[in-house]
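The values are calculated or read from the model by the stated rules, or taken from the named source; none is laboratory data. Not measured: the values here are computed from a predicted model. Don't worry about glycine lacking a Cβ; one is built from the backbone with ideal geometry, like all the others, and counts go over all protein chains shown. Heavy atoms of the whole protein, side chains included, go into the accessibility calculation; ligands, DNA and RNA do not. Shrake-Rupley method; radii C 1.70, N 1.55, O 1.52, S 1.80 Å.
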Amino acid sequence: FVSTVCNFMSHEKCLKNVKIPCSCIAPSLVRVPVAHCFGPPGHYKKKFCTVCRKSLDSPAFRCEVCELHVHTDCILFACSDCRQCHQDGHLDHDTYHHHWREGNLSSSARCEFCKKTCGSSEVLSGMRCEWCGILAHAACYVIVPPECTFGRLRNMILPPNCVQLFSRNFSKLHCFRISENLQTESDEDDDVDGSTQGSTKDIQISTDSSKQTLKIFDGNDAVKRNQFRLISVPRIAKNEEVVEAALRAYYINDDQQEYELQTFTQQVLLSDDVINRNDAAEDSNLGSVFRESVPEAWIIRAKPKDEEVIRIYPAWLKVGMAYVSLRVNKDSTVQTVIKEVLPLLGRQKECLQNFKLVEVLMGSKQVQRMVLDNQELILNRLKDIRKTSIRQMNQTRFYIVENSKTIVQVNLFVGGLPPQLSPEEYTNILKEELAIKTNVVSVSHVYQAQGAVVLQISCFSEAERIYMLVKDTVVNDKPLNAVVIPGASKIPQNCCPLLVFVNPKSGGLKGRDLLYSFRKLLNPHQVFELTNGGPLPG
Ligand SMILES: [Zn+2]
Ligand SMILES: [Zn+2]
Ligand SMILES: [Zn+2]
Ligand SMILES: [Zn+2]
Ligand SMILES: [Zn+2]
């Protein structure tokens, strides 16, 4: 059996057992949203894209800490299902589950359970846990108990719950001390940006005159970026079939009746009024879409709803994907949602003011969290997200979160200062160059010989400000550098994490590959690159 939509391959008889989340429902299955850590695009031969399942023949992105590989124009559809390598103060879990990633196994890989071959170099097949490395068929992995014990390297792996890092807006690359200007293995100078152009390579423009090709935009965001996907439909296709095909191009699994296509016009973005008028005008047109003068470009729009069911995830539950469903109508505000959800979660006795509703966008490159205003109308919010992008709606979750006064503490290492100064002199330099606010920043360690200090910062925005500023600051002709130091705690007794130091300049430039392998084998927080945030000389 070979699926044309997904490039998915399986034995006919195994098919009924296969439970692979395809890209349309993957976002709903993520336990803890964790963004991936993409470097610049490179050439990865014999690897397959997690989103569209096709081989990577052009420059593509890979995650530096997990096995995710994606095409440049598939990256938006990957969801934030990377390994959780540290506690981030949000939605943390204390048990470990296998972290399954599909495909890109060696062709000699054998399934742990049925002992038959499960790897392939022809298609994306087989599953592998990114912590313990066990291998299984897509049909076999569902029967594996979910808990992961980290496999043979368990005594060498730094357990994720022993590392605390409030990464918030620091880049993922930075948190794992991965240099951002990696040399790519690219030898051609392709345009790999992918942001200015739609994808044309997946779908051949049909020369068959019974078919036509349409440009489909996903909401206002796509129009602004001029990112579209092409679909090819029979000229006699019904309107519903076109909507269906458009949704499929964006990996959206919803009922096509909830969507419609709007003619692409330049005024689309001008104002809501214009959009409403266009909608009205378009309705009368829909019947005749496929007569002469067919507009080539269309935008997917969600039809307005008077009520719908939303899922609310309780952030304090450690069991993963548990949520409650709630029907909301046009009068529902964030406040009423919180009020109705608490009894469903057995917390009706508690004060509403102790809770907030957080919108989480689970993008592949970044997980964004936004606290919603209590008076905000929830249906309006949903409408706005869908207007921006239907895909974004598919990747958005609402969490109910307890307000807590967690103590913010960011440890920031600042190097490149002149050596052999007194703590007061360092503080004065930092005050002068970085205008540090001494009420929230203090110098906790001084490394005189190396000209470096560690700052303890009790305010996120101040930490982010200093971090950004340090990169552009020069003291005595030497540029400063900054590293966020994760906190470590309570490492179990039977565990002695291996620390790996790699000098990327030695060993015939194999350094990058070596770093990549170690990061995937262990916890990336254990792996240090000597030229970038590694230990100080001496
Ligand atoms: Zn699908
Ligand atoms: Zn792809
Ligand atoms: Zn990843
Ligand atoms: Zn595992
Ligand atoms: Zn098997």
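Of note:
- Eigen-decomposition of the gyration tensor built on the alpha-carbon atoms of segment 410-529 gives equivalent ellipsoid semi-axes of 30, 19, 13 angstrom, largest listed first.
- Centre-to-centre, using Cα atoms only, segment 453-513 and segment 302-377 are separated by 36 Å.
- Segment 307-402 - Debye-derived log10 I(q)/I(0), Cα point model, q = 0.10, 0.11, 0.25 Å⁻¹: -0.24, -0.30, -1.55
- Solvent-accessible area per residue in segment 410-529 equals 51 Å², computed with a 1.4 angstrom probe and all protein chains kept.
- Set LYS46/LYS224; LYS478/LYS520; LYS365/LYS387; LYS46/LYS215; LYS54/LYS520; LYS490/LYS520 screened for pairs whose C-alpha atoms are more than 25 Å apart: LYS46/LYS224; LYS478/LYS520; LYS46/LYS215
- Computed E for GLU307/THR265 - FRET, C-beta separation, R0 25 angstrom, nearest 0.05: 0.25
- All Cα pairs of segment 402-480, percent lying beyond 18 Å: 36
- Amide hydrogen neighbours beyond the local backbone of HIS99, cut-off 5 Å, H modeled: GLU130, TRP131, CYS132
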